[in-house]
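For reference, the structure discussed in these notes is given below.
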Amino acid sequence: MKKYRLHISLALVVFFITNGSLIAGGPNVYIELPGEKTEYCIGDRTALIGKCIFDADEFSRHKWESSSPGMILETRENMVFVELNETGEHQFTYNAWDDQGRKGSATITLKVYDIPDNEVVTSQPFFTSLFGRDLPKIIEAIDVNDNYLYQWYRDGNKIKEATKTKYKAEETGSFRLEITSSNGCKVYSQPIEIK
C-alpha cells in the first residue's frame, strides 16, 4: 500500500492511494482494507479496520457509521464486518476519540457491482430428436452480454475452447457455465445433467 503524508500547519493528513481511489483519513486515523480492495460484487463480505497513525491505544472510544447501515454485520471497536448486499457506492466512516474527547474520522467508499444472471437452458437440435437420439444437446446462457466472459465445465473440469454462450454437449456429464462480468463479478450456473 502506498502512503503519502502531507503536513498542513499543525494538522497531519494522511492520504492513501488504493486501486486508483483516493482515501483521505482524518487527523491520526485511517481505514485499512484487506488486499487494498475497494470494488466488490454483491454478496461479498469484508472487514474494515480503523487504524491510528501513531499509537493504537491512543483512543478510548470507537464508532462505525455507514450510508448503508443494513450492511453492517458486526462491529468490534476498531473493526467492522460488512456484507455488501446492495449495488452502488457505499460509505463507511470510522470515528475514534481519545481520552480527552478529541475525535478523529476517516471515510472510505466501496463500490458494489451486480453479478450476472446464471440461468442456463438445454435444447435438442431438430434432427437429433427426429432420429430418436439423445445427443447432442445444446446448453446456453439466458443472460448474453458481449462484455462478459464465458467458460463451460464438464464434471468440474474446464472444457478447452468452450468460451461461448452456447455449448454443444456430445457426451454425457454434469455441465456448468462460469460467467464473469466486466467488473470481475463471477457466478456459476446450476449443474445441467446430460444423460
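The values are calculated or read from the model by the stated rules, or taken from the named source; none is laboratory data. All of these numbers come straight from a predicted model, not from anything done at the bench. Cβ placement follows ideal geometry from the backbone for every residue including glycine, while neighbour counts extend to all protein chains displayed.
Yes or no: Gly25 outside the structural domain of Cys185 (by TED's automatic domain parsing), crowded, with 16+ Cβ neighbours inside 10 Å and either modelled with pLDDT under 65 or under 19 Å from the mean Cα position of the chain (by Cα) (or both)?
yes
Does the stretch 55-82 hold any residues that are of a type in the set (D, E, K, R), over 12 Å from Asn95 (Cβ atoms) and in a strand (DSSP E or B), and which are they?
Answer for the stretch 55-82, where residues must be of a type in the set (D, E, K, R), over 12 Å from Asn95 (Cβ atoms) and in a strand (DSSP E or B): Glu74, Arg76.
Of all residues in the stretch 39-57 being over 28 Å from Lys186 (Cβ atoms) and surrounded by fewer than 16 Cβ atoms within 10 Å (Cβ to Cβ), which is modelled with the lowest pLDDT?
Ala56
Of all residues being part of a strand (DSSP E or B) and within 12 Å of the chain's Cα centre (by Cα) in the stretch 181-195, which is surrounded by the fewest Cβ atoms within 10 Å (Cβ to Cβ)? Just the residue, please.
Filtering the stretch 181-195 for residues that are part of a strand (DSSP E or B) and within 12 Å of the chain's Cα centre (by Cα), the one surrounded by the fewest Cβ atoms within 10 Å (Cβ to Cβ) comes out as Lys186.
Report the residue count in the stretch 160-180 for those that are within 21 Å of the chain's Cα centre (by Cα) and basic (Lys, Arg).
Qualifying residue count for the region: 0.
Name the pairs whose Cβ atoms lie under 9 Å apart, with the first residue in the stretch 112-130 and under 18 Å from Cys185 (Cα atoms), the second modelled with pLDDT under 85, and 6 or more positions between them or separate chains?
Pro116/Asp143; Asp117/Asp143; Asn118/Asp143; Glu119/Asp143
Can you find even one residue in the stretch 34-54 that is closer than 28 Å to Asn183 by Cβ, without any contact (Cβ under 8 Å) to a residue 12 or more places away in the chain and not in a strand (DSSP E or B)?
Yes, the conditions are met somewhere in the stretch 34-54.
For the list (1) at pLDDT below 90; (2) closer than 27 Å to Ile42 by Cα; (3) of a type in the set (A, V, I, L, M); (4) part of a strand (DSSP E or B), I need the number of the one condition that Val112 fails.
With respect to (1) at pLDDT below 90; (2) closer than 27 Å to Ile42 by Cα; (3) of a type in the set (A, V, I, L, M); (4) part of a strand (DSSP E or B), Val112 is out only on (1).
Which residue is surrounded by the most Cβ atoms within 10 Å (Cβ to Cβ), if the candidates are limited to the stretch 72-98 and must be among the polar types (S, T, N, Q) and in contact with a Gly (Cβ under 7 Å, 6 or more places away or on another chain)?
This residue is Asn78.
On the basis of being at positive phi, surrounded by fewer than 17 Cβ atoms within 10 Å (Cβ to Cβ), not aromatic (Phe, Trp, Tyr) and not assigned by TED's automatic domain parsing to the domain that holds Val187, does Gly101 make the cut?
yes
Look at the stretch 66-118 and say how many of its residues are of a type in the set (Asp, Glu), more than 20 Å from the chain's Cα centre (by Cα) and more than 22 Å from Leu33 (Cα to Cα).
The total comes to 2.
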